[in-house]
1. How large is the dipole of the stretch 70-148 about the Cα centre if only Lys and Arg carry +1 and Asp and Glu carry -1, each at its Cβ, rounded to the nearest 20 debye?
2. Holding the Cα-Cα limit at 27 Å, pick out from Lys162/Lys339; Lys127/Lys339; Lys145/Lys339; Lys56/Lys339 the pairs that are longer than that.
3. List the relative contact order of the stretch 69-202 as a percent without decimals, with contacts defined as Cα pairs under 8 Å and 6+ residues apart.
4. Note down the magnitude of the dipole of the stretch 76-216 about its Cα centre, charges +1 on Lys and Arg C-beta and -1 on Asp and Glu C-beta and zero elsewhere, to the nearest 20 debye.
5. Give me the net charge for the shell around Ile237: Cβ to Cβ below 9 angstrom, other residues only, Lys and Arg +1, Asp and Glu -1.
6. Just to confirm the filter: which trypsin sites (Lys or Arg not before Pro) across the stretch 120-153 are DSSP coil and have at most 14 other Cβ within 10 angstrom of their Cβ?
7. Under a 1.4 angstrom probe, counting protein chains only, how are Thr344, Thr297 ranked by accessible area, largest first?
8. With every protein chain left in place, what is the accessible area of Val219 in Å² (1.4 Å probe, nearest 10)?
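The values are calculated or read from the model by the stated rules, or taken from the named source; none is laboratory data. Keep in mind that this is a model prediction, so the values were computed, not measured. Here Cβ is always computed from backbone atoms with ideal geometry, including for glycine, and neighbour counts include all displayed protein chains. Surface accessibility is based on the protein's heavy atoms, side chains included, excluding ligands, DNA and RNA. Shrake-Rupley method; radii C 1.70, N 1.55, O 1.52, S 1.80 Å.
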Amino acid sequence: MTYNDRSAPQSTSRAQAGPARLPGLSGRAAAAALAVAGLAAGFLTLAAPAQAASSKGCVGGGFRVLGQAGEFDGTVPAPGSRFLVQGKFVRFEVDPANFAIHNYAFTGAANELDITGGRATPVYASKIPDHRGLALTSSIELEVKDEEVALFRTGTGGLSMKIQAKDCAQGGLFQMEPERGDATRTRIVHRLATEAFYFDNANFRARLGQFVGSACTSVQTGPPSQFCVQVRPRVNIGNNFSADFAVRDSAQVAERVPQPACGPDFTNSLGLPESRDHCGGMSIWDVASGGRMGMVTGEDAVEVANSPTDCIQDCQAQNQVRGRLAVLGFPFPVADGSKLTPRTSTGGLTAPLTP
């Protein structure tokens, strides 16, 4: 039985289903990472905290990239400039020099789980990793299969970067995995598209500290478990024109770098600071070598789930939720007072790298 907490407005689609999966390309950091659902032979699960979106959201999906589509598993030369990863539902550009992402957007293609309202919907202007003097130099290992794509490239100083994506209308759709020979973190800066903004989700804010989920026996005490989770602040990405559109940065073994010049001071007695020091159109993350920086969309972005388990090598199947967690949705239109401001700052860019 799917558990949806219906005491809060339900703005997002109500799909259910099993985990989304992606093929891995390499044994390096590919196993890293993903705490939410399982490893199956030859496949790696994409994104956290939950895989709520069903395969219906992927019908007809599939990428064309570097001249390959349908089914391909091999090595291709790295081009000298950005190249397009084009799907039916999502598209983005990749800079081969550093595997930065540019112009990630939903196309608005028709699907029963669409969250865009049928219009082209930009999300991220860029997701740029700072390799601090290291460079990607190899050919690109590329795998295209069904609605999935994986790209992998290595370089100097033990550097490697892996990008995995799914071409679906919603769900866990993207992740970036850096690895370095010196085992230090990689700073990744997210800048949102002009039409998108980070906001403090008022549905979560209204229920801070409560325990919700199918296994809860008390809103006040839980008890906490995999299927009974305490509500904490939630920062989502939204826009002003799509009532079902919600996105969330989804990290594993990564720390968000505070941007003190940004963010309304959403104080609360519980001392839960997720939406403090957070800009309205920009976020900065320090990702562990072998960790990952991903995104979840739709219902997955507004589900109350435990944090993913830290894992950077040989991760095992765990944290499968199968629709038993509460989905709080979000108010639409988003009130101006919930939108994080100012839009950008430079304060966090020069902060010391997280140990």
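1. 440 debye
2. Violating the 27 Å limit, Cα to Cα: Lys162/Lys339; Lys145/Lys339; Lys56/Lys339.
3. Relative contact order, the stretch 69-202: 24 percent.
4. Once rounded to the nearest 20, the dipole reads 420 debye.
5. Spelling it out: positives minus negatives among the neighbours equals 0.
6. For trypsin sites (Lys or Arg not before Pro) across the stretch 120-153 that sit outside H, G, I, E and B with at most 14 neighbouring Cβ atoms in 10 Å, the list reads Arg132.
7. Accessible-area ranking of Thr344, Thr297, largest first: Thr344, Thr297.
8. Number for this one is 60 Å².
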